[in-house]
1. Could you tell me which GluC sites (Glu not before Pro) in region 416-467 are loop residues by DSSP with no more than 16 other beta carbons within 10 angstrom of their beta carbon?
2. So who's got an amide H within less than 5 Å of the one on Arg7, skipping anything under 5 residues away but keeping other chains? H placed 1.01 Å off N, in plane.
3. Between Asp318 and residues 5 or more places away or on another chain, which pairs have amide H atoms under 5 Å apart, with H built 1.01 Å from N, and which residues are they?
4. Against the empirical 2.2 N^0.38 Å scaling, what ratio does the C-alpha Rg of region 1-66 come to?
5. I'd like to compare 305-316, 128-139: which one has the highest average count of other Cβ atoms within 10 Å, and what's the full order after that?
6. Through the Karplus equation 6.51 cos²θ - 1.76 cosθ + 1.60, θ set to phi - 60°, convert the phi angles of region 311-323 into ³J(HN,Hα) values in whole Hz; use x for Gly and Pro.
7. Hey, can you grab everything whose amide H is under 5 Å from the amide H of Thr423? Only 5+ residues off in sequence or another chain; H modelled, so Pro and N-termini drop out.
8. Tell me whether region 352-468 comes out rounded, prolate or oblate; compute the Cα gyration tensor, take square roots of the eigenvalues as a ≥ b ≥ c, and use a/c under 1.5 as the rounded threshold.
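Any read-out appearing in this document is the output of simple, stated calculations on the displayed coordinates, not a laboratory observation. This structure is a prediction, so every number in the text was calculated from the model and none was measured. Positions of Cβ are generated from backbone atoms using ideal geometry, with glycine treated the same way; all protein chains shown enter the neighbour counts.
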Amino acid sequence: MLYVSTRGHADRKHFCDILLEGLAPDGGLYLPEHYPKVDARALTRLRKAYHEQGYAELAFQILSLYIDDIPAADLKALCAKTYTAEVFGTGEIVPLRHLEDGLWLEALSNGPTLAFKDMAMQLLGNLFEYELARRGEQLNILGATSGDTGSAAEYAMRGKAGVRVFMTSPHGRMSAFQQAQMFSLQDENIHNLAIEGVFDDCQDIVKAVSNDHAFKAKYKIGTVNSINWARLLAQVVYYFAGYIQATESNTQKVSFTVPSGNFGNVCAGHVARMMGLPIAKLVVATNENDVLDEFFRTGVYRVRGAADTHETSSPSMDISKASNFERFIFDLLGRNGQRTKALFGAALPTYGRFDLSAEPLFADAAKKYGFESGKSTHADRLATIKDNYERHGVTIDTHTADGVKVAREHHKDGKVPMIVLETALPIKFAETIVEALGHAPERPAKFAGIEDLPKRVQVMPADVEQVKAYIERHCAPAAQG
């Protein structure tokens, strides 16, 4: 299995090369040359593997379709090491919970940082450590987070041999709990950089550094953001797990509603559907930052500047430039790298938008790819949290509430099960839960008093050169090849 850039670069690379690389040399994102097809017989095998051997075996079998440069025994061991009851709090790893009339929640927040990002990040940490040891190399990870990616990455990489993490986040824009999770870590290989701006500024810095090829090579810069294919690939697994739990036969279909800002989580669903998983609809749920909803309704992709990016009560989705969206557009355009490059490398930076509304390919997108969308507001969030607590005794976080609200709008016939991907536990957004319910959500004992712990963070302007200078100062000579 070889991987290609969405922008048409001539290189074809193996999995372990792109694992450590991040963006392609032309600024594109990596995708496999083709999606492996899972037919009915293969899906039956995966169903049997999940029921008899569990999530780790399911992960191994799906990852094996994409990874041929790690020996099978080693990959199997990495999956077994990652997906354990000790790490994820339950042997089921991603249990389904029934809410109402064909509407389900898939619990993805049982990991160490209480967010779905742990599902991929825990594997990524083990993959990095394995491959770096195999090569005798080090890696300096530069990331951007709007809330959950940062803590998931830092908890996955802390203490890992050969790995340092430099995580940018928008200063003052995350919840107090999210900030405390990250900034309270005292590990020497973890560096928190609070950027004076919004998430998109952080993401732009990461991309700018990744596109400085000399700097990237000298300091061995890698990424854990969902622009890293390995992370997105790990997320594909829980779509298969959700489908298998919700169905009894391969003739049945399910739909998924996915709260999404950066398009990574739902892009993994797109990959699963392209592989042949019987997904009827992939519903993208946004908050007030509705760039993705606008595109799927109109065909116009229009990014917003920092001043027009709303600060909301589902802050991990306060994103107006969805990095992973390029992967879907590449597929939508028939995998035309030159057209994708023209849109994302030229039109978007110049005009801040592109318009595919007149494209026959866009007109056919909903039918061919299953995408629908909707948005949710703060008032919707409060009402949904309150309704679910009062009717079902279930407290959900703000992002999951966006998902449930939009899912209900797209699940009116009730014939096909609708699975909402839970994104985080409610304690991460306690202020809004108190506003909705009048009391704080349950807090896991291990996080008692986390907001009061000493913090280790550097505040700096949204300036690429200052971030590069910080990395230079904190890299040991061994990392400067």
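1. In loop regions of region 416-467 (DSSP not H, G, I, E or B), the sparsely surrounded GluC sites (Glu not before Pro) are Glu442.
2. Correct list: Gly28, Leu29.
3. Under 5 Å from the amide H of Asp318: no residue qualifies.
4. It is 1.38.
5. On the way: 305-316: 18.7, 128-139: 16.7.
Put in order of decreasing packing, that is 305-316, 128-139.
6. Going residue by residue, I get 8, 10, 8, 10, x, 5, 10, 7, 10, 10, 9, 7, 4 Hz, with x marking Gly and Pro.
7. Thr400
8. Numbers: a/c = 2.79, a/b = 1.20, b/c = 2.33.
It comes out oblate by the Cα gyration axes.
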